[in-house]
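Worksheet: one structure, shown below.
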Amino acid sequence: MRWVGFVFVLVLAVAAFAAPVNITSITAGTSRTLTNSGAAGTVAAWGGNVTPVDVVINSSTMHWQGFYGNVTGSLGLGGGASLLKTWTLSTLRGQVYASTGSNIDFTVLNSTAVPLANLDSAFSFLSAAADSAANSGSNNANTQFNISNYNVAASSKPRIMTMNGTGDLAWETVVLNANSVGTTTAYVFTGLINNSGKAFDNTAANFQIMVPVNGAGGSPAVNYYFYGEVQ
């Protein structure tokens, strides 16, 4: 008997990029800002006198918004909205993304990097401000992470660090951009998930980021779109 061998070749269509997903379930708490912690100081005034007065003023920024919170998620395998398999996660890692852009091409975010000064140009209210992006972070300083199957190398992107409840610079906002064009929607602000982190107010949190928003002169609120992935 002569055996006849058959070689089966499985030809796959071009694989779809497993991009970060739109975060459609968001529960937002009450916004807070810095407040006065005591009564206004007083100085006695007498007619015909001149008095030197040195004061300390700690004001809230009008150029940045902070977001922090917890992440609940799972891993799945499937197509579209249909699931073939799901996994629960005992340890969280991944990223939370925020952008004024409602349609982000995540496949290009690892290929372009611009300095924080470009962020100040795109968000013009930051330009020449004391709390500009250039004065708030460092270029080429990020921790390595992955956007799905794309690697974002360490020390390749700008980052802005924010504090935890003990004043340590523990939270990283990595500034990514889809292109070098100076448009606000090209920027994506990325928070690296911490499985057991503490936010600035010492509450439990999995992420903490800051994003630029112009709050001066009665400017309207800006919508930030949230995306994310757990790995």
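Taken together, the values in this text are just the output of simple stated rules run on the coordinates, not laboratory data. Keep in mind it's a predicted model, so treat the numbers as computed, not measured. Quick reminder, even Gly has a Cβ in these numbers, built from the backbone with ideal geometry, and neighbours come from all protein chains shown.
Observations, loosely collected:
- Two-site label geometry, ALA128 and ASN103: point separation in nm, points 7 Å out along Cα→Cβ: 3.6 nm
- Computed 3J(HN,Hα) for segment 70-87, one whole-Hz value per residue from the Karplus formula 6.51 cos²θ - 1.76 cosθ + 1.60 where θ = phi - 60°, is 10, 10, 10, x, 8, 9, x, 10, x, x, x, 9, 9, 9, 9, 7, 10, 10, glycine and proline marked x.
- The ranking of LEU119, LEU169 by Cβ neighbour count inside 10 Å, starting from the fewest, reads LEU169, LEU119.
- Distances between placed amide hydrogens fall under 5 Å for ALA205 paired with GLY197, LYS198, ALA199, all partners being 5 or more residues away or on another chain.
- For the chain, calculated [θ]222 nm from helices alone, where every DSSP H run of n ≥ 4 adds -39500 (n - 2.57): -1000 deg cm²/dmol
- Gaussian network model of the chain, springs between alpha carbon atoms under 10 Å - residue of SER82, SER74, SER156 with greatest fluctuation: SER82
- Segment SER90-MET163, extension gain: residue separation times 0.36 nm, minus the distance between their alpha carbons: 23.7 nm
- From the coordinates shown, Rg and Dmax of the Cα atoms in Å corresponds to which of (1) 17.7, 53; (2) 23.6, 122; (3) 21.2, 64: (2)
- Placed amide H near SER156: partners under 5 Å, 5+ positions off or other chain: ALA141, ASN142
- Sequence-ordered 3J(HN,Hα) estimates for segment 136-153 from the Karplus curve with 6.51, -1.76 and 1.60 and θ = phi - 60° stand at 10, x, 9, 7, 6, 9, 6, 7, 5, 7, 10, 9, 6, 9, 9, 8, 9, 5 Hz, glycine and proline given as x.
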